[in-house]
Amino acid sequence: YKYDWRLEEARKNLLRTHTTSASARALYRLAHQEKFSPVKYFSIDRVFRNESLDATHLAEFHQVEGVVADRGLTLGHLMGTLRQFFSKLGMGGPLGRGQGAPQGPPSLPSLSPGITQLRFKPAYNPYTEPSMEVFSYHDGKGRSGHLRS
């Protein structure tokens, strides 16, 4: 990137601004397979951005990214993977204690059912193709804070 690299600068503790290193490792492994085989790699981690705070942007949030590689995949497959991911998220709190929900020990929060109300919107990101935004809704959480509860 044509800048002066310095060891003392590289040793400083920094807040992570993205999780791209996990995807880069996955792509490296994929590129060095002797024989192609389908793979799925996912990363979920906390990241930090120096941005102005507003109703939809925080300085800290969880970033989810992944690499899914196989032959013949379509945008529909990606949307199905995202639906499955959100359906497996359980949210702590009182929602899990409703009728028919599994009852956990009183000292542990029960998990409510996963998030199934999703809306997909095409988006432009110069580094991914195709790109989309996923909007989710959870009865007890509104439209945000899913991973911060």
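The values are calculated or read from the model by the stated rules, or taken from the named source; none is laboratory data. These numbers were taken from a predicted model, which means no experiment stands behind them. Here the Cβ positions follow ideal geometry from the backbone for every residue, glycine too, while neighbour counts run over all protein chains shown.
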*Determine whether Thr56 is closer than 20 Å to Tyr137 by Cβ, hydroxyl-bearing (Ser, Thr, Tyr) and in the same structural domain as Tyr28 (by TED's automatic domain parsing).*
yes
*From (1) assigned by TED's automatic domain parsing to the domain that holds Leu15; (2) modelled with pLDDT of 85 or more, pick out the condition that doesn't hold for Arg83.*
(1)
_First in the range 123-149 and over 16 Å from Gly66 (Cβ atoms), second anywhere and of a type in the set (Lys, Arg) and modelled with pLDDT of 80 or more, Cβ under 9 Å, 6 or more apart_ = Phe135/Arg119; Phe135/Lys121; Ser136/Arg119; Tyr137/Arg119
_Subset of the range 17-32 (residues that are surrounded by fewer than 10 Cβ atoms within 10 Å (Cβ to Cβ) and of a type in the set (A, V, I, L, M))_ = Ala31
*Residue by residue through the range 17-32, note down the ones that are of a type outside the set (D, E, K, R), outside any loop (DSSP other than H, G, I, E, B) and either over 19 Å from Val47 (Cβ atoms) or touching a residue at least 40 places away in the same chain (Cβ under 8 Å) (or both).*
Thr20, Ala22, Ser23, Ala26, Leu27, Tyr28, Leu30, Ala31
_Residue in the range 33-40 that is surrounded by 11 or more Cβ atoms within 10 Å (Cβ to Cβ), part of a strand (DSSP E or B) and not small (Gly, Ala, Ser) present_ = yes
_Looking at Leu53, Leu14 in this structure, which one is within 20 Å of Glu133 (Cβ to Cβ) and either modelled with pLDDT under 85 or loosely packed, with under 10 Cβ neighbours inside 10 Å (or both)?_
Leu53
